[in-house]
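Q: Dumping the structure here so I can ask a few things about it.
Please treat every number below as a calculation from the coordinates, not as lab data. Just so we're clear, the structure is a prediction, and the values are computed from it rather than from any experiment. Neighbour counts run over all protein chains shown; Cβ positions are idealised from the backbone, glycine included.
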Amino acid sequence: MTFLFDHNLSPQLIDRLADLYPQSQHVFLLGMEQATDRQIWNYAKQNTLIIVTRDSDYSDLSVVLGFPPKVIWIRRGNCSTQTIETILRSATGVIDGFVCSSLLGVLTLC
C-alpha cells in the first residue's frame, strides 16, 4: 500500500515510514501544493494511493464520490510529526484491515 500525504502533514513522513509504506508520496514533493482537494483526490485515484490527511474534506468527498481512493483521516489537534508517525505505526494492523476491506472508504485515527 502506498500513501499520499496531504499538505497538512510533513513530507518527512515519507522517509520516517518508508519501512512500512515504501514509495509513499507527498503533495508538496509532487508539485501539488496548490492543488485543490478534488485534484488531489483524482491523482490518488488514478495512481491507486491512499490519502493520509488531517482534513475532513476528504472524508466528505468519500461520502459524495465513494471510493477509491481510500482516506486515512488523522483527527488529532496540533501535534508533532513524531506523534503522527507514532499514530500510523501503532495502527498498522488496523490500516492493513482497512485496506483489504471492500466496505470501508475512510479510516479515522485519533
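Q: In the chain, what is the volume of the convex hull around the alpha carbon atoms, normalised per residue and reported in Å³?
A: 92
Q: Let me ask another. Place +1 on the Cβ of every Lys and Arg and -1 on the Cβ of every Asp and Glu in the chain, take the dipole about the Cα centre, and give the residue among 3, 109, 17 whose Cα lies farthest towards its positive end.
A: It is 109.
Q: Mind giving me the FRET efficiency for residue 12 and residue 108? R0 is 22 Å, r the Cβ-Cβ distance, nearest 0.05 is fine.
A: Efficiency computed from Cβ-Cβ geometry: 0.45.
Q: Could you list the residues of the stretch 1-40 with an amide nitrogen less than 17 Å from a label point located 7 Å from the Cα of residue 92 in the Cα-to-C-beta direction?
A: Residues 1-3, 13-24 fall inside that zone.
Q: Let me ask something else. Only Cα pairs under 8 Å and at least 6 apart count here; give the relative contact order of the stretch 1-86 as a rounded whole percent.
A: 32
Q: Further, regarding this structure: Given +1 on the Cβ of Lys and Arg, -1 on the Cβ of Asp and Glu, and no further charges, what dipole in debye does the chain carry about its Cα centre, rounded to the nearest 20?
A: Working: 8 positive and 10 negative charges, 31 e Å.
Rounded to the nearest 20 debye, it is 160 debye.
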